[in-house]
1. Any residue in the stretch B:42-70 that's within 10 Å of residue B:131 (Cβ to Cβ): show its pairings with residues that are part of a loop (DSSP other than H, G, I, E, B) and at pLDDT 95 or above at Cβ separation under 7 Å, as long as the two are six or more apart or on different chains.
2. Looking at this structure, is residue B:126 in contact with an Asp or Glu (Cβ under 8 Å, 6 or more places away or on another chain) and surrounded by fewer than 18 Cβ atoms within 10 Å (Cβ to Cβ)?
3. Return the residues of the stretch A:112-123 that are crowded, with 22+ Cβ neighbours inside 10 Å and of a type in the set (A, V, I, L, M); say none if nothing qualifies.
4. Is there a residue being more than 8 Å from every other protein chain (Cβ to nearest Cβ) and within 18 Å of the chain's Cα centre (by Cα) anywhere in the stretch B:81-89?
5. Kindly evaluate residue A:78 against the criterion of being in contact with a strand residue (DSSP E or B) (Cβ under 7 Å, 6 or more places away or on another chain), modelled with pLDDT of 95 or more and more than 9 Å from chain B (Cβ to nearest Cβ).
6. Is it the case, given these coordinates, that residue B:31 is at pLDDT 95 or above, crowded, with 22+ Cβ neighbours inside 10 Å and more than 7 Å from chain A (Cβ to nearest Cβ)?
7. Check the stretch A:152-160 and report whether any residue there is farther than 29 Å from residue A:17 by Cβ and in contact with a strand residue (DSSP E or B) (Cβ under 8 Å, 6 or more places away or on another chain).
8. Inside the stretch B:42-71, can you point out the residues that are in contact with a Phe, Trp or Tyr (Cβ under 7 Å, 6 or more places away or on another chain) and among the basic types (Lys, Arg)?
2 protein chains.
Amino acid sequence: MNSPVLEAIYKRRSIREFNVRGISLEKLHEIVKAGIWAPSGLNNQPWRFVIIQDSSFKEKLAGQTHYGHIVRGANALIAVYLAKDEMYDAVKDHQSAGACIQNMLLAAEALDLGAVWLGQILKNKDAVNSILGLSDNFDLMAVVALGYPLHHNQKSKRKKLSELLLRHI
Amino acid sequence: MNSPVLEAIYKRRSIREFNVRGISLEKLHEIVKAGIWAPSGLNNQPWRFVIIQDSSFKEKLAGQTHYGHIVRGANALIAVYLAKDEMYDAVKDHQSAGACIQNMLLAAEALDLGAVWLGQILKNKDAVNSILGLSDNFDLMAVVALGYPLHHNQKSKRKKLSELLLRHI
């Protein structure tokens, strides 16, 4: 079936290599705005964001993950948080964060950018909060690394629908 | 900024009232496929799906939530599960489920359908598993109710970006 939205969903890939071109403030704000328009339980909008473009901060964050080379090479990082005092249900709030991040990834591609969702850095989430000067009211969900793609060679694959669809009743 | 994808993200609304028109199998499979193309940590693809269109099953599920009228009025329900034996990290797997569901909601609108993400039914997730004949290896994440929209009057609002963006460094 043809639709620009379906095409975007199927063509999106994790982009880990970027060129040096800078991302405009307008595009960064558009990506965050796309995240904000995800649904959340009771419309509680528990998400909060930190945009990082300063090299020294990127370098400090790079030290907190195995994927430091991606963090260093990205023009911008968006750290996605949940504000604990806005949460109402851990599972549902984590799901909402995922919906928010997915919107951000789709928005990035719509704006000719590449993005990758970094989760491994969560093992050092307390150190990340310390680097970013945030209290423990903020729970790190992911870091989205962004830049103009160096290439579009990324491949990915998925299980067949028939393996994942348990029943149709 | 103009893009069909951004427009879809901003225009999507929770649709709770449907007309009686049936949804084709092709569209239902397309929606699940869109969900499957969400990213997951380590590409573990922990999501599983049950499509429900049978009236007697819808009626049983309607009894498990305050939103039974939505469940009854929907042409199709897609119950989204995580397979526990495929999970690797609860928070990240719940996020992936959220990304998957967001893709499904966007796909539904791209196919001229309306959808709403139902979470309140999770309080009776064991009963839902029993109705659907699933073992406790499957953990219910949400039920997505689908149909052709009766109207497009839904409004929604979000906090301002300036309230949600903690820092830009």
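1. Partner pairs satisfying both residue conditions: B:52/A:169; B:57/A:169.
2. Criteria met by residue B:126.
3. The answer is A:113, A:115, A:116, A:118, A:121.
4. yes
5. yes
6. yes
7. No - not one qualifying residue is present in the stretch A:152-160.
8. Correct list: B:48 only.
The values are calculated or read from the model by the stated rules, or taken from the named source; none is laboratory data. Only a predicted model underlies this, so the values are computations on that prediction, with no experimental measurement involved. With ideal geometry, Cβ positions are generated from the backbone for all residues, glycine too; neighbour counts draw on all protein chains shown.
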